[in-house]
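To start, the structure itself, in C-alpha cells.
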Amino acid sequence: MWVLDPANSRELLDRLRPHSLSSDFEVVWCGEGWRALVGDCHDDLAAAFPDYRFYAIKQEWGVLAFQARPRAGEMTAEELARVHEITDSYGQASEVVCEWCGRPGSLRADRPEWLTLCDRCAQDLETTKYPRLRPIV
Ligand SMILES: [Zn+2]
C-alpha cells in the first residue's frame, strides 16, 4: 500500500503513536518500501530526544519528510537543528530507496507526482495503480 497503516505496520505505528502531536494519528503517508527508514529515523530521534514529537511523516516531492521537533514544549535552536540533521539524513537516504518495494531506486521527476522508485515499479505505474513487486522491508 502507499500508506503505513495498522494492517501492514502495526508495530511501527504503536511505537510512533506516543510521539505524535496529533491525537488522531492513524497512518504514515508513505509506501511500505520506506518502513525501515521511518523506523530507523524514529529510533534516532528517540535516542537523542526521548520526548520528541512529530506533526507529519509523509512523502513530499518524492522523498521522505519526517517533520518533528525535540519535544512538545520549548526548545533551543541547537536542539531543533539536531532534529533537522537527523530527519534530513533520512530524507536523503530515501532518495535511493523505492518507496513502493524498498529496492534500490531513484527519484522520478518526469511524472505528474514525483516519486522515488525502482525501474520495475516505475514501469508498472505507467499502467497500474499498484506495482506488482512485493515490498522487501
Ligand atoms: Zn520498487
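The values are calculated or read from the model by the stated rules, or taken from the named source; none is laboratory data. Predicted model, so just to flag it, every value in this text is computed and none were measured. Here the Cβ is made from the backbone with ideal geometry for all residues, glycine too, and neighbour counts use every protein chain on show. When the accessible area is computed, the model is the full protein with side chains, heavy atoms only, and any ligands, DNA or RNA have been set aside. Shrake-Rupley method; radii C 1.70, N 1.55, O 1.52, S 1.80 Å.
The table below gives the values:
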quantity: Residues (more than 13 Å from the chain's Cα centre (by Cα), modelled with pLDDT of 95 or more, more than 14 Å from the ligand (Cβ to nearest atom) and aliphatic (A, V, I, L, M)) located in segment 76-131; calculated: Ala77, Leu80, Ala81, Val83
quantity: Members of segment 91-117 that are surrounded by fewer than 21 Cβ atoms within 10 Å (Cβ to Cβ), touching a helix residue (DSSP H, G or I) at 6+ places or on another chain (Cβ under 7 Å) and not aliphatic (A, V, I, L, M); calculated: Pro104, Ser106, Arg108
quantity: Checking Leu16 against (1) without any contact (Cβ under 8 Å) to a residue 40 or more places away in the chain; (2) open to solvent by less than 20 Å² (accessible area, probe 1.4 Å), the condition it does not meet; calculated: (1)
quantity: Condition met for Ala56 (without any contact (Cβ under 8 Å) to a residue 24 or more places away in the chain and either in contact with a helix residue (DSSP H, G or I) (Cβ under 7 Å, 6 or more places away or on another chain) or open to solvent by less than 80 Å² (accessible area, probe 1.4 Å) (or both)); calculated: no
quantity: Failed item in (1) buried (at least 18 other Cβ atoms within 10 Å of the Cβ); (2) touching a residue at least 60 places away in the same chain (Cβ under 8 Å), with Trp2 passing the rest; calculated: (1)
quantity: Residues that are within 23 Å of Arg69 (Cβ to Cβ) and either in a loop (DSSP other than H, G, I, E, B) or open to solvent by 20 Å² or more (accessible area, probe 1.4 Å) (or both), drawn from segment 21-35; calculated: Leu21, Ser22, Ser23, Asp24, Phe25, Glu26, Val27, Trp29, Cys30, Arg35
